[in-house]
Amino acid sequence: MRRVLLAALLFAALAVPASAAHWTVDAAKSKLGFSVAWSGEPFNGTFKKWTADIEFDPTDLAHSHVVAVIDMASEASDDPDSDESLKGALGFAVDKFPTARFETTGFKRLPGGDFLAQGKLTIRGISRPLELPFKLDIRGNHAHMTGKAVILRTDFGVGQGEWASPKPVAHEVTVTVDLSATKG
């Protein structure tokens, strides 16, 4: 009887899938932005509205997963005229594609203790693989993550017609993430 009970408990423990810790983003302390060279000068924008569903454990990367959804109409910079153009049909086309999405497919630990999020970025309905190297500092129930990746805007159909050329707007866009979150 004792063996049957022990076997049942062991089976029950194995049947429960492992899961990483859930993290809640502190929007007031977090920033999602981008930078692109425009006529040789940096054009910097941020997205004011976005969400991230984060399940992450640095000791259990196999069960870690992130889905971030960005409200493309929330893009803002110091140049409101450019913002309106960027949100239009030749840019983000927010009327047809109101959100962008990044979903991880896996994580790797890098030399030196940093991490690499591997996933799929979707903008304007076009999905491409994306690798996002990032630094992570966890202290108790608080985490701070910073990372950046370079994408080609034309891979996602951003900048069509006269804006498809790398002049005046470069094809390379640096996406930056500065995220603070609390476990739980």
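The values are calculated or read from the model by the stated rules, or taken from the named source; none is laboratory data. Keep in mind it's a predicted model, so treat the numbers as computed, not measured. All Cβ positions, even for glycine, are placed from backbone atoms using ideal geometry, and neighbour counts span all protein chains on display.
Points worth noting:
- Residue among Lys148, Lys108, Lys135 that is within 12 Å of the chain's Cα centre (by Cα), among the basic types (Lys, Arg) and assigned to a strand (DSSP E or B): Lys148
- Every pair of residues 6+ apart whose Cβ atoms lie under 6 Å, when the first sits in the stretch 168-184 and is under 17 Å from Lys49 (Cβ atoms) while the second is outside any strand (DSSP E or B): Leu179/Ser30; Ser180/Asp26; Ser180/Lys29; Ser180/Ser30
- Applying the condition of being assigned to a helix (DSSP H, G or I) and in contact with a Pro (Cβ under 9 Å, 6 or more places away or on another chain) to the stretch 39-89 and asking which residue is nearest to Ala143 (Cα to Cα) yields His63.
- Selection within the stretch 122-147 - over 20 Å from Leu61 (Cβ atoms) and of a type in the set (D, E, K, R): Arg124, Arg128
- Close pairs from the stretch 58-79: first surrounded by 14 or more Cβ atoms within 10 Å (Cβ to Cβ), partner of a type in the set (Val, Ile, Thr) and assigned to a loop (DSSP other than H, G, I, E, B), Cβ under 8 Å, at least 6 apart: Met72/Val94; Ala73/Val94
- Unique match (being free of Cβ contacts under 8 Å to residues at least 24 places away in the same chain and small (Gly, Ala, Ser)) among Gly112, Gly91, Gly119: Gly112
- Taking the criterion of being loosely packed, with under 14 Cβ neighbours inside 10 Å and either closer than 17 Å to Phe43 by Cα or without any contact (Cβ under 8 Å) to a residue 60 or more places away in the chain (or both), the only residue of the stretch 156-165 that qualifies is Ser165.
- Residues (small (Gly, Ala, Ser) and either out of contact with any strand residue (DSSP E or B) (no Cβ under 7 Å at 6 or more places or on another chain) or over 29 Å from Val36 (Cβ atoms) (or both)) located in the stretch 55-79: Ala62, Ser64, Ala73
- Hey, Val36 closer than 18 Å to His142 by Cα and either assigned to a strand (DSSP E or B) or aromatic (Phe, Trp, Tyr) (or both) or not: no
Listed here are the residues, each with its yes/no results for (1) closer than 19 Å to Pro133 by Cα; (2) at pLDDT 95 or above; (3) of a type in the set (Lys, Arg).
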{"position": "Asp53", "(1), (2), (3)": "yes, yes, no"}
{"position": "Leu61", "(1), (2), (3)": "yes, yes, no"}
{"position": "Ser64", "(1), (2), (3)": "yes, yes, no"}
{"position": "Ala68", "(1), (2), (3)": "yes, yes, no"}
{"position": "Asp71", "(1), (2), (3)": "no, yes, no"}
{"position": "Asp78", "(1), (2), (3)": "no, no, no"}
{"position": "Leu86", "(1), (2), (3)": "no, no, no"}
{"position": "Leu90", "(1), (2), (3)": "no, no, no"}
{"position": "Pro98", "(1), (2), (3)": "no, yes, no"}
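- Unique residue being in contact (Cβ under 8 Å) with a residue 60 or more places away in the chain and either aliphatic (A, V, I, L, M) or out of contact with any Leu (no Cβ under 7 Å at 6 or more places or on another chain) (or both) when the list is Arg139, Arg153, Arg124: Arg153
- Residue-level check: of (1) surrounded by fewer than 18 Cβ atoms within 10 Å (Cβ to Cβ); (2) more than 24 Å from Thr24 (Cβ to Cβ), Arg139 misses just (2).
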